[in-house]
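First the structure, in the form of structure tokens, and then the observations on it.
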Amino acid sequence: MNKSIFKYALLLVAICAISGLLLAGVNMITAPIIGSRNQINEKLEQYYPYAYYKQADDGSNEVAENAIQAYYYAFDENKNLAAVIYQTSFLGFKSQIVALISIKVDGTVENAKMIGGKDDYSLSDHDFEIAGESVDSYDYTPKSGATTTSGGVGAGIDAAINHFKSIKDSLGGVSYEG
């Protein structure tokens, strides 16, 4: 009888060890994804004064070489669509430059913010003088001395505006369920 208890105890220990290893493996895969999403949500809330956000379910979000890594619909307190916010990524001077570009539903650019990159030039406070510009006639101002890094954000602005122009007629069908 003692041998059978010992066998069951060993079996239980083996099952727990395998389960623990599998759980650690799943956590290792999902933790960076969850952390990245939380970081983006924090940046959205930091830079944009909207009540609700919803990530667009679009195939372009899954294409790694696409300049637009993701885009989000921003809703006001009445759950009306107010803006489309793009997360872009372009090569800067030393690293990938990640930026958020917000375009209001009326077709005016709200702003562009650099939120990630390891370049020596921080553009997080630079406004690119793009706020209030129309998507039909806009110009942005790079930060002097950081032209390659600024160019990464500028390329993101161009990509976001081009995508916005392609979806602006379908924005009336976007709603917030939550």
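The numbers here are math on the coordinates, done by the rules we state, and not lab data. The shown structure was predicted, so the numbers you read here are calculated from the model rather than taken from an experiment. Backbone-built Cβ (ideal geometry, glycine too); neighbour counts: all protein chains shown.
Here's how it looks for residue 91: its modeled amide H is under 5 Å from those of 97, which are all 5 or more places away or on a different chain. Under 5 Å from the amide H of residue 71 lie the amide H atoms of 56, 87, each residue being 5 or more positions distant or on a separate chain, with H modelled from the backbone and absent for Pro and chain starts. A simple rule links phi to the HN-Hα coupling: the Karplus curve 6.51 cos²θ - 1.76 cosθ + 1.60 with θ = phi - 60°, which for segment 10-22 gives 5, 4, 5, 4, 5, 4, 5, 5, 5, 4, x, 5, 5 Hz, with x for Gly and Pro.
Ranking request for peptides 68-80, 10-22: highest mean number of other beta-carbon atoms within 10 Å first, then the rest in descending order.
Working: 68-80: 17.4, 10-22: 10.0.
The packing order, highest mean first, is 68-80, 10-22.
Converting phi to 3J(HN,Hα) with the Karplus coefficients 6.51, -1.76 and 1.60 and the offset θ = phi - 60°, segment 45-50 yields 5, 5, 9, 10, x, 9 Hz in sequence order, with x at every glycine or proline.
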